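To start, the structure under review is shown below, and the notes come after it.
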Amino acid sequence: MKKLIKPVIVAAFAVLTFTASAQLNKAYFYYQGQRLITQDKYTEAIHYLNTLIEVDSTIAEGWFLRGVAKYYLNDLQGAKNDLSRSISKNPLFTIAYHYRAIVNNRLARYNDAFNDLEYALELRPDNQELLFTRGGTYIQTKQYSKAIQDYSRVIRSAPNNIDSWINRGIAKLNSTDTLGALNDFSQAIKLNPFYSESYSKRSRLYLEKKEFDIALSDITQAINLDTTSTMNYFIRGLIYNAKRNYSAAIEDFDRVLSIDPKNSLSLYNRALIKTQTGALNAALEDYDILTRLNPNNVLVFYNRASVNYELGKFQNAVNDYTTAITLFPDFANAYFNRSAAKSRLGNNAGAEEDYRIANEKVKKYKASSQEAYLAMADTSKKFNNLLAFDTDFGSGFSEINLKNDINLPTGFLPFIKLQPISENTKTSFRDYKKPFIDELNKAVGKGYQFTYAQPSQQSDYIIDTSVAPAKSVVHFIKAIQLSARNKYNQAVQEYERALGFEPKNQFIDINLTIEKVEMARFIDQFSNDANAVSFKMGNIGNVNNDQGKSTNYIYNEAIDKLKGIEIDLPDLAVIPYNIGNTYLLTEELELALNEYNKAIRIEPRFSEAWFNRGLVRLIKGDKQNGCIDIGKSGELGLNQAYSLIQKFCK
């Protein structure tokens with residue numbers, strides 16, 4: 001049974017005392033951060049806590065609160081880093097150890113979690129929340145007797161703590177103390193008959209005991225109390241299947257998928273039931289989705305092959321069996337079945353070869369008595385048991401096919417160029433001052449300030465002719481206004497006119513170069529499919545046509561131009577950032593990564609560079625560092641970072 005531990009997250013915050021009047025601002029930012037966290041406004045809280053930490057990095061509570069906010073935003077690595085800084089400022093900060101233990105638990109760093117909990121318990125030996133969390137960590141590391149001891153201590157001090165009864169029941173069930181587990185779940189129900197989780201856990205126990213009617217009664221009650229729990233519908237689907245009520249089982253799996261369309265276990269189980277009941281085409285649709293969600297799962301391809309075979313799609317069956325064999329080369333049964341499919345296609349030589357290989361593998365496994373492999377050689381085995389909680393379903397079900405989920409150009413943050421923004425808008429480059437930028441600021445008057453920023457659709461500012469701006473300035477501002485309305489060709493012409501008046505002005509040249517890239521990218525989207533420019537494993541769309549060659553030439557030309565400008569402006573981080581973005585368009589990830597590294601070295605607070613570097617790392621399979629980078633961009637003020645963390649970094 002899969003252990004679903006629900007740790008008690010302590011809500012108490014430390015209280016700071018600010019005495020000196022000069023510290024009143026610190027108190028304001030601290031309490032604002034605390035208040036916003038209690039209101040679940042975590043990104044806003046981080047904004048205030050960033051200010052507190054910048055003003056005084058010695059306040060342990062500031063680091064702690066920011067770590068808490070990041071935890072609830074699922075930025076686990078960022079939370080751990082902040083909690084560690086909090087502990088370094090105050091080594092006796094018990095609650096920081098507790099939170100870091102919970103974070104380490106979720107990161108599967110169980111030894112680190114135990115170390116934090118042990119130290120916290122030395123400071124507060126009878127703290128119920130600490131014992132509760134340690135009990136959950138013991139369950140996750142299969143130390144069930146120790147978990148039972150911790151939960152028993154909590155129950156002695158707080159007999160009404162329902163979750164402790166439930167978790168102790170889980171620990172007992174895994175220690176084969178079924179009766180003890182049943183008593184604990186029943187006691188939880190007695191303490192609060194309106195708590196869905198208690199019925200859900202007891203239902204799963206009855207399901208394992210094959211007492212299906214009682215299990216059905218409990219899980220139905222759990223659903224009545226909580227109609228949003230996908231797990232409860234999933235469990236009831238398993239129970240209905242065990243009772244051979246297949247239509248009701250499919251209906252419950254349908255409900256799970258209506259809430260969570262990518263729930264692979266429900267898709268897989270629904271496909272199996274559809275196969276068993278003869279709805280082969282419907283089963284095939286589910287398997288098609290599963291192969292995209294779980295491209296490394298051998299059983300998905302193996303079972304889809306069987307459905308294709310039954311439908312007479314023998315070549316498709318051969319292809320799927322081949323994939324299954326590639327994923328698991330010792331899969332003797334897949335060789336047997338591929339042999340049959342090849343025979344139906346008239347490929348007798350191929351069929352005989354597969355049959356020979358399959359028999360060799362069977363003899364090998366029988367000689368070594370490897371039971372696990374013998375199952376893969378059992379020609380009568382259909383692999384059609386529904387999967388429940390602890391399964392050998394493969395890591396593919398928890399991994400994300402990032403190359404299909406992150407598309408260019410929409411997935412990455414856009415190019416950055418010199419443009420006017422509201423004086424109240426924050427950016428990493430507000431203080432970047434040069435004579436040409438001063439001239440631009442005078443020309444647009446009050447309310448706006450020229451700096452490097454993401455593209456803006458705002459173009460209502462007016463050129464102040466009373467200051468007699470230079471012609472290069474006038475044409476530059478007109479170009480920006482045209483670009484904001486996607487009039488790329490006219491914008492390029494205005495930039496070129498501006499550059500004609502100041503041929504050595506590299507700031508004009510940067511904007512002109514980026515404008516040409518954006519124009520090429522804009523045109524490119526009409527010559528290919530809507531999502532043609534995307535990172536997909538072995539399938540990069542129509543990049544080899546003439547249009548693709550011409551746009552790639554423009555991109556490469558832009559990279560060369562920007563690198564030339566970079567020699568004279570080595571302190572301007574937007575140049576390597578924009579080079580990195582252009583490398584993304586030519587799908588050269590490693591080169592893009594190098595440029596983002598350079599941009600961050602020049603400007604460590606460059607949030608867009610952190611964000612895009614994080615996405616590149618995710619695509620390259622470096623999930624840990626990718627999530628750290630995206631978390632850093634969120635810390636620096638990019639709110640969209642946390643929606644990405646929610647999707648890819650759980």
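The values are calculated or read from the model by the stated rules, or taken from the named source; none is laboratory data. From a predicted model like this one, the values you see are computed outputs, not experimental measurements. Here the Cβ positions follow ideal geometry from the backbone for every residue, glycine too, while neighbour counts run over all protein chains shown.
Taken over region 558-573, the residue count meeting the criterion of being basic (Lys, Arg) and surrounded by 15 or more Cβ atoms within 10 Å (Cβ to Cβ) is 1. Only helices (runs of 4 or more DSSP H) whose full extent lies in region 86-140 are considered here, and the ones with at least 2 residues that are in contact with a His (Cβ under 9 Å, 6 or more places away or on another chain) are 110-123, 128-140. Answer yes or no: is there a residue in region 341-352 that is crowded, with 23+ Cβ neighbours inside 10 Å, in contact (Cβ under 8 Å) with a residue 24 or more places away in the chain and over 31 Å from the mean Cα position of the chain (by Cα). Checked region 341-352: at least one residue is crowded, with 23+ Cβ neighbours inside 10 Å, in contact (Cβ under 8 Å) with a residue 24 or more places away in the chain and over 31 Å from the mean Cα position of the chain (by Cα). Scanning region 505-538 for residues that are more than 16 Å from residue 558 (Cα to Cα), at pLDDT 90 or above and of a type in the set (D, E, K, R) returns no hits. For residues that are surrounded by fewer than 20 Cβ atoms within 10 Å (Cβ to Cβ) and among the polar types (S, T, N, Q), scanning just region 289-322, find the one that is nearest to residue 260 (Cα to Cα). Among those that are surrounded by fewer than 20 Cβ atoms within 10 Å (Cβ to Cβ) and among the polar types (S, T, N, Q), it is 291.
To keep it simple, each residue is scored yes or no on (1) of a type in the set (Phe, Trp, Tyr); (2) under 26 Å from residue 80 (Cα atoms).
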site: 134; (1), (2): no, yes
site: 154; (1), (2): no, no
site: 171; (1), (2): no, no
site: 184; (1), (2): no, no
site: 195; (1), (2): yes, no
site: 206; (1), (2): yes, no
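Looking only at region 580-594, which residues are crowded, with 24+ Cβ neighbours inside 10 Å and of a type in the set (Val, Ile, Thr)? Residue satisfying the conditions is 582 alone. For region 90-102, the condition holds for no residue, the condition being that it is buried (at least 21 other Cβ atoms within 10 Å of the Cβ), farther than 27 Å from residue 73 by Cα and not aliphatic (A, V, I, L, M). Against the condition within 18 Å of residue 214 (Cα to Cα) and part of a loop (DSSP other than H, G, I, E, B), how does residue 193 come out, does it pass? Yes: the conditions hold for residue 193. Taking region 322-390 as the region of interest, the helices (runs of 4 or more DSSP H) fully inside it that hold 3 or more residues being at pLDDT 80 or above are 332-344, 348-368. Are any of the residues in region 215-226 touching a residue at least 60 places away in the same chain (Cβ under 8 Å) and part of a helix (DSSP H, G or I)? Scanning region 215-226, I find no residue that is touching a residue at least 60 places away in the same chain (Cβ under 8 Å) and part of a helix (DSSP H, G or I), so the answer is no.
Candidates 189, 219, 223, 214: the one that is in the same structural domain as residue 160 (by TED's automatic domain parsing) and surrounded by fewer than 16 Cβ atoms within 10 Å (Cβ to Cβ) is 214.
The single residue among 214, 235, 219, 273 that is farther than 24 Å from residue 171 by Cα, among the aliphatic types (A, V, I, L, M) and touching a helix residue (DSSP H, G or I) at 6+ places or on another chain (Cβ under 8 Å) turns out to be 273. Scanning region 463-492 for residues that are assigned to a helix (DSSP H, G or I) and without any contact (Cβ under 8 Å) to a residue 12 or more places away in the chain turns up 465, 466, 490. Do we find a residue being among the aliphatic types (A, V, I, L, M), at pLDDT 65 or above and more than 16 Å from residue 481 (Cα to Cα) anywhere in region 419-428? Within region 419-428 (the criterion being among the aliphatic types (A, V, I, L, M), at pLDDT 65 or above and more than 16 Å from residue 481 (Cα to Cα)), the answer is no, since none of the residues qualifies.
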